[in-house]
Amino acid sequence: MLALEADDTVTVLAEGLEHPVDVAHDAAGRCYVSDDRLGAVLRIEDGHAVTLADGLEAPQGLAVLGDEVFTVETGARRLLALSLTTGERRTDAENLAVGPPPGTGHRTQPALFTHGMPGVPVPFAGLSAAPDGSLLLSANGEGTVLRLSPRNTGAPRNTEVPRNTEAARADPRTQRTTERQKS
């Protein structure tokens, strides 16, 4: 993982990553990276990648909100929250339209450049934190953008997350709801 400074100086931030996909920073400026081949979310500290969570299924998009890092597990088709203070994991949404459709096998990715011409970009499930505390997810499985909004129900945090997006929308205990953004 490299940093490119304004004066074109290149600095190695960390080595040993197999396929870093996304980066995010917290309020203190710490850098987090997802690696979909390692199946991990890592924090970059003093030139080393420190594992925050491993055993994940192709984590891609990352966003930091408060003391949590969110990642999109494209292999599991879910949004995972990782607490930076306790290390706990929580599934916030499932059955998301990310990654290859269920039941399909691994496909060979076309080249990004073929004979000097642009090819097809590699699919990516991006994640971004909005100023209102919601998360915006580019759902690469169907080409939509989902807004995942926090629920303000006043109820205690639900430890059982509904199994699908429709149930998550209907369950008042769910912490995040899903809205499709029309493009």
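Of all residues in the range 57-87, count the ones that are surrounded by fewer than 17 Cβ atoms within 10 Å (Cβ to Cβ) and under 13 Å from VAL98 (Cβ atoms).
Qualifying residue count, the range 57-87: 2.
Of all residues in the range 57-67 being out of contact with any Lys or Arg (no Cβ under 9 Å at 6 or more places or on another chain) and either part of a strand (DSSP E or B) or in contact (Cβ under 8 Å) with a residue 12 or more places away in the chain (or both), which is nearest to LEU84 (Cα to Cα)?
Residues of the range 57-67 out of contact with any Lys or Arg (no Cβ under 9 Å at 6 or more places or on another chain): 59-63, 65-67.
Okay, now just the ones that are also either part of a strand (DSSP E or B) or in contact (Cβ under 8 Å) with a residue 12 or more places away in the chain (or both), so 59-63, 65, 67.
Working: PRO59: 17, GLN60: 18, GLY61: 17, LEU62: 14, ALA63: 12, LEU65: 10, ASP67: 5 Å.
The qualifying residue nearest to LEU84 (Cα to Cα) is ASP67.
Any chance the range 92-110 includes a residue that's at pLDDT 80 or above, under 21 Å from ALA63 (Cβ atoms), acidic (Asp, Glu) and in contact with a Lys or Arg (Cβ under 7 Å, 6 or more places away or on another chain)? Walk me through it before giving the result.
Filtering the range 92-110 down to residues at pLDDT 80 or above leaves 92-98.
Okay, now just the ones that are also under 21 Å from ALA63 (Cβ atoms), so 92-98.
This time we only want the ones that are acidic (Asp, Glu), so: 92, 94.
If we keep only those that are in contact with a Lys or Arg (Cβ under 7 Å, 6 or more places away or on another chain) as well, we get 92, 94.
So far as the range 92-110 goes, yes, one or more of its residues are at pLDDT 80 or above, under 21 Å from ALA63 (Cβ atoms), acidic (Asp, Glu) and in contact with a Lys or Arg (Cβ under 7 Å, 6 or more places away or on another chain).
Condition check: in a strand (DSSP E or B) and either of a type in the set (A, V, I, L, M, F, W, C) or touching an Asp or Glu at 6+ places or on another chain (Cβ under 8 Å) (or both). Does ALA24 satisfy that? First the steps, then the outcome.
Numbers: in a strand (DSSP E or B): yes; either of a type in the set (A, V, I, L, M, F, W, C) or touching an Asp or Glu at 6+ places or on another chain (Cβ under 8 Å) (or both): yes.
For ALA24, the condition - in a strand (DSSP E or B) and either of a type in the set (A, V, I, L, M, F, W, C) or touching an Asp or Glu at 6+ places or on another chain (Cβ under 8 Å) (or both) - is met.
When you check PHE113 against the structure, is it at pLDDT 95 or above and more than 21 Å from LEU13 (Cβ to Cβ), yes or no? Let's see the steps before the verdict.
Working: at pLDDT 95 or above: no; more than 21 Å from LEU13 (Cβ to Cβ): yes.
So PHE113 does not fit the description; no.
Anything in the range 70-90 that is within 16 Å of GLY39 (Cα to Cα) and assigned to a strand (DSSP E or B)? List them, or say none.
Of the range 70-90, the ones within 16 Å of GLY39 (Cα to Cα) are 70-82, 89.
PHE70, THR71, VAL72, GLU73, ARG78, LEU79, LEU80, ALA81, LEU82, ARG89 - these are the residues of the range 70-90 that are within 16 Å of GLY39 (Cα to Cα) and assigned to a strand (DSSP E or B).
Search the range 14-56 for residues being of a type in the set (D, E, K, R) and exposed (fewer than 13 other Cβ atoms within 10 Å of the Cβ), and hand back the single one that is nearest to LEU82 (Cα to Cα).
Taking the range 14-56 as the starting set, the residues that turn out to be of a type in the set (D, E, K, R) are 15, 18, 22, 26, 30, 35-37, 43, 45-46, 54.
From what is left, the residues that are exposed (fewer than 13 other Cβ atoms within 10 Å of the Cβ) are 15, 18, 37, 45-46, 54.
On the way: GLU15: 23, GLU18: 21, ARG37: 19, GLU45: 18, ASP46: 21, ASP54: 11 Å.
Only one residue fits best here, namely ASP54.
Could you tell me whether ALA3 is among the hydrophobic types (A, V, I, L, M, F, W, C) and in contact with a Ser or Thr (Cβ under 9 Å, 6 or more places away or on another chain)?
Numbers: among the hydrophobic types (A, V, I, L, M, F, W, C): yes; in contact with a Ser or Thr (Cβ under 9 Å, 6 or more places away or on another chain): yes.
So ALA3 fits the description; yes.
Scan the range 43-95 for residues that are among the basic types (Lys, Arg) and within 22 Å of ALA14 (Cβ to Cβ) and jot them down. Write out each step before concluding.
Applying the first criterion (among the basic types (Lys, Arg)) to the range 43-95 yields 43, 77-78, 89-90.
ARG43 - this is the single residue of the range 43-95 that is among the basic types (Lys, Arg) and within 22 Å of ALA14 (Cβ to Cβ).
The values are calculated or read from the model by the stated rules, or taken from the named source; none is laboratory data. Quick caveat, the model's predicted, so the values are computed rather than measured. Every residue, glycine among them, receives a Cβ derived from its backbone with ideal geometry; neighbour counts consider all protein chains shown.
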